[in-house]
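Note sheet for the following structure.
We did not get these values from a lab; they are worked out from the coordinates using the rules stated. Note that the structure is predicted; figures quoted are calculated from it, not measured. Cβ coordinates were reconstructed from backbone atoms using ideal geometry, including for glycine residues, and neighbour counts include every protein chain displayed.
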Amino acid sequence: MKTRTRIWMVWVVLGLVLAACAPPATPTPVERVVEVTRIVEVVPTPVPTPTPRFAGVTLTLIDNPEGQTEAMIALQKRCEERTGVRLNVEVVPHDQVRPKLFAALSAKLPTYDIFYIDIIDLPQYAAAGYVYPIDQFITPEMRADILPFAEKGVVYEGKWMGLPWKAEWMSFVYNKKMLQDAGYDRPPRTWDELIEMSLTLKRKGIVRYPMVFSWAANYEQITVDYVMLVKSLGGELFDAQGNPVFNQGAGVQALQLMYDMMHTYEIIDPAALTLRGGGKRRDIMMAGQGAFVFLWGTPLLVMNDPKKSPRAGEFDIALAPAGPGGPYSVAGPMGWAISAYSKNPEAAWEFVKCIAGPEGERFMFLQEGAPPGWRSVLNDPEVSMKLKEAGGDVMLQQTAFLAVRPALPYYHEWSAAIQKAVHEVLTKQKTPQQALDEVAAYTRELKAKYGR
């Protein structure tokens, strides 16, 4: 009995040992649910960029190297992108622009689609039918926004011939430090005061030739200055019927004043008779060799810039010296026009509007100081601030006293005759009366020839 019991116990113990040595039981697998979030990128359907209306149209402009500035090229590029137009710019020397343009227009060729037009060319080009009127394009709002004197450069006999561009006028610039050194606390207000102050500046050895002009032979600035002086002295060039009257009264007095400033008072350097260019006049002032000058545009932006001028801070702008007629200067507005023979006048209009509209003129003023012909641009805060730095308050006052050169279909012939007459007087070949009588007679011949 005991033997059986022992055997059974041995088996029990052996079973327990084997059970302990056996591998653990495999657990029943439990299924785990894993949530996976798929991120699906939704790609929007691309919206096609609208093709500019005039994509593929090529327009040609004629210009000179001075006109193709860095800012101008940038503006042209911007307008190409906006309109789709491809602009082809033919760059030629300054004295070749008008002859090449006139040759193409007179032959009724579509060589040039758009071009600059000066106020002195407007009557001739418009009367000949060379310019495409833009009355159908320009809105009432645009017309109201254009400054009155700028309008004179783009309107002929009631028709709009373009948009204003560089609607500039001459400002009277003076060296305030020189005047202070001479004992003056303000600029001259009349031509008599200018002569008096100039003589004082000479006597005190401050500057030898205080008044700076550029009157080289065959140079348009001669006509500009003569027109200004006639208006300042209270005269007119033509009567209501278009007959010349500049050979009497203020017309003769103006030429006599030019002679006296150079030869009687010796306040103008005789070298002025060979001097050409507004930049040259400005440089004479910045070199300390002049106290008074008339300059186009916004000259103080350069003259008072320490990086560009050795006498920065010495210059200021005043109203032009007055005669009996008032403190007159001269406006020389230009415009952008479309050729009457362009094959793409609508595309040309869109491009001109981009270049010479308010936005384009604002860009050019901020980049280069080019005077705008739009009220809205002058009222722009950034423009107003920069204009104030350039003597803008006085410049705006000057706009109330701006003479313009006469609108004549024979202007270039007339101006050439005036230039010749002035030079003959200043070189002591003729008297003012004799020279102007001859120009008046020639003008009557031109009037009869052109019928107006």
Three semi-axes of the equivalent ellipsoid, the range 187-286, Cα gyration tensor, whole Å, largest first: 26, 17, 11
What is the distance in Å between the Cα centroid of the range 67-114 and that of the range 264-323? 32
Cα Rg over Rh - the chain, Kirkwood: 1.49
For peptides 137-150, 244-257, sequence by mean Cβ density within 10 Å, most packed first: 244-257, 137-150
Among 377-385, 390-398, 228-236, how do they line up by average Cβ neighbours within 10 Å per residue, starting with the highest? 228-236, 390-398, 377-385
Which one, 125, 175, 60, projects farthest toward the positive side of the charge dipole computed for the range 53-180 from Cβ point charges (K/R +1, D/E -1)? 175
Using only Cα atoms, locate the centre of the range 379-452 and the centre of the range 157-204, then give the distance between them in Å, rounded to an integer. 17
Quick check on the range 281-437: what are the equivalent-ellipsoid semi-axes from the Cα gyration tensor, as sqrt(5λ), descending, whole Å? 31, 27, 15
For the range 359-441, inverting the pair-averaged 1/r of distinct alpha-carbon atoms gives a Kirkwood value in Å of 16.0
Convex hull volume of the Cα atoms in the range 99-165, per residue, in Å³? 89
Dipole in debye (nearest 20) - the range 251-407, about Cα centre, beta carbon charges: Lys, Arg +1; Asp, Glu -1: 260
Given charges of +1 on the Cβ of Lys and Arg and -1 on the Cβ of Asp and Glu, with all other atoms neutral, how large is the dipole of the range 340-452 about its Cα centre, in debye to the nearest 20? 520
Positive-end residue, the chain charge dipole about Cα centroid, Cβ charges, pick of 351, 328, 237: 351
Most exposed first by the Cβ proxy, i.e. fewest other Cβ within 10 Å, how do 354, 79 rank? 354, 79
Quick one: order 445, 424, 196 by neighbouring beta-carbon count within 10 Å, fewest to most. 445, 196, 424
Relative to the longest principal Cα axis of the chain, at what angle does helix 70-83 sit, 0 to 90 degrees, rounded to 10? 60
Exactly which trypsin sites (Lys or Arg not before Pro) in the range 305-413 are in a DSSP loop and have at most 15 other Cβ atoms within 10 Å? 307, 308, 343
How do the peptides 214-223, 164-173, 100-109 rank, highest first, by the average count of neighbouring beta carbon atoms within 10 Å per residue? 164-173, 214-223, 100-109
P(r) tail for the range 128-269, what percent of Cα pairs lie past 27 Å? 44
Can you flag which of 152/177; 77/108; 152/343; 176/386; 166/308; 100/386 are past 30 Å Cα-Cα? 152/177; 100/386
³J(HN,Hα), Karplus 6.51/-1.76/1.60, whole Hz, each residue of the range 293-310, x for Gly, Pro: 6, 9, 9, 6, x, 10, x, 5, 4, 9, 5, 9, 8, x, 6, 10, 10, x
Sum -39500 (n - 2.57) across every DSSP H segment of at least 4 residues in the chain, then divide by the residue count to get the 222 nm mean residue ellipticity, nearest 500. -13000 deg cm²/dmol
Considering only DSSP beta bridges whose two residues both sit in the chain, what percent are antiparallel, to the nearest 5? 65
For the chain, what is the charge dipole size about the Cα centre, in debye to the nearest 20, if Lys and Arg each add +1 at the Cβ and Asp and Glu each add -1 at the Cβ? 1760
Cross-link reach list, aspartates and glutamates versus residue 202, counting only Cα pairs under 17 Å and skipping chain neighbours closer than eight places: 181, 192, 193, 260, 266, 269
